[in-house]
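Encoded as structure tokens, the structure appears first; notes follow it.
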Amino acid sequence: MAEIATAKRAIRNPLLALIATWVLFMLGSYIDMAAPDTTWDSKGEPTYPDPSIQWQIYVFLLGIAVFALIAIRSLHVAVGLRLNWDRPLAKSAHRFTNLAVILSLVAGAVFAIGNFLGAWNSYDQQNEPVWMRLVNVYLPIVLATALVVYTLLSAFVFRKDAPDIPEGEKDEDRAKLQRAVGLAYAVPVIGTAIAIIFGLTVYDITKTSLDAWIWVIIQAIIGFSIILGTTFAARARSARPLPPRERKSGVAAVSLNFVLSVVFGVVVLFMAFTLGFAGVDGLLEYVDRMEIVDGREVFNYERTLSAPSIGWLIEDMLPPMLLLLLAEWGIYRTLVIRNEEAKQN
């Protein structure tokens, strides 16, 4: 049946995209370790490497973007299917793709905030050219913010059967509602991005940690953006109240079962990423070295990055790969089998 195949494809595609995300994350980790590291001279003084473009940041962002874009596309497919074929498998595909989109939003937000925090007290801040600072810090934050805003609007506003926009609206009224709901979603995200970029700009100009007043301004910008977003949300709600939804028995149990079936997969996926990063870290080798300088012992180490090998792939990377496939297979089969049985009953 075509509808069943479409529902299965909507569930399967985000899982396949997650494999690509895992590969890109491992590649980004390897690129990060391949970058020159701090060394110490015979007197124990640190020698910092020359500033360079942090390509691994964009590889990580690409991994998040691949998952987010495919999750959005799968959500649109699931929503379109459910409009014409409201069966258990279609509902499950809708819920799962909705969850995938939310996870991509969380990943994008964590990436932006992590890049912001990682820019503090970096060793190359003093010697890093302005253009390189923009490329390594500011541009990834802007791109991550754009990805989050696009994901929010595409997944929950500008689509058929948008959850906050009633059906049957006139084109003009629907456009107004979409603008209001879109601003309600986007303004807090954009405001937060502006706040953290403002904080980074002050930090880079003054070359000192931010004082209390700068933090007050940052929090004020974030708070104002949240209030403004709430204002737009209130306008959208008052423009056309949504009809109350019919309460159905057993919905809570079904939802809980769905969540529990996904929790196992999420835990195993976390293990797959954690063990994957540990496997890539295994390529690093540290050799301690001790020298006598001016009658005192000075310790240093040499850091080398080994090339990937067949043995490394089998011992360190194959287990997390299998965990990744196991988690995805378990999630997919659990959703499909449970809802196919419900469809037949």
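Might you let me know whether segment 134-147 holds any residue that is over 17 Å from the mean Cα position of the chain (by Cα) and either more than 20 Å from P51 (Cβ to Cβ) or free of Cβ contacts under 8 Å to residues at least 24 places away in the same chain (or both)? Yes - at least one qualifying residue is present in segment 134-147. Against the test of being surrounded by 14 or more Cβ atoms within 10 Å (Cβ to Cβ) and modelled with pLDDT of 60 or more, the options G282, G276 yield a single qualifying residue, G276. Residues that are aliphatic (A, V, I, L, M), at pLDDT 85 or above and more than 22 Å from F224 (Cβ to Cβ) within segment 144-188 comprise just one, L147. Across segment 79-96, not a single residue is classified as under 22 Å from V189 (Cβ atoms), surrounded by fewer than 21 Cβ atoms within 10 Å (Cβ to Cβ) and touching a residue at least 24 places away in the same chain (Cβ under 8 Å).
Is there a residue in segment 192-200 that is in contact with an Asp or Glu (Cβ under 7 Å, 6 or more places away or on another chain) and either modelled with pLDDT of 70 or more or among the aromatic types (F, W, Y) (or both)? No - not one qualifying residue is present in segment 192-200.
Table: residues versus (1) part of a helix (DSSP H, G or I); (2) closer than 27 Å to T334 by Cβ; (3) at pLDDT below 90; (4) touching a strand residue (DSSP E or B) at 6+ places or on another chain (Cβ under 7 Å).
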| residue | (1), (2), (3), (4) |
| --- | --- |
| N13 | yes, yes, no, no |
| A17 | yes, yes, no, no |
| W22 | yes, yes, no, no |
| G28 | yes, no, no, no |
| L69 | yes, yes, no, no |
| A90 | yes, yes, yes, no |
| F96 | yes, yes, yes, no |
| A112 | yes, no, yes, no |
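Might you check whether a residue that is surrounded by fewer than 22 Cβ atoms within 10 Å (Cβ to Cβ) and at pLDDT 90 or above occurs anywhere in segment 35-57? Taking every residue of segment 35-57 in turn, at least one turns out to be surrounded by fewer than 22 Cβ atoms within 10 Å (Cβ to Cβ) and at pLDDT 90 or above.
Residue by residue through segment 214-241, note down the ones that are of a type in the set (S, T, Y) and at pLDDT below 75.
Within segment 214-241, S238 is the sole residue that qualifies.
State all residues of segment 72-88 that are modelled with pLDDT under 85 and part of a helix (DSSP H, G or I); if no residue qualifies, say none. Selection gives R82, L83, N84, P88.
The values are calculated or read from the model by the stated rules, or taken from the named source; none is laboratory data. Quantities reported herein were computed from a predicted structural model and do not represent experimental measurements. Don't worry about glycine lacking a Cβ; one is built from the backbone with ideal geometry, like all the others, and counts go over all protein chains shown.
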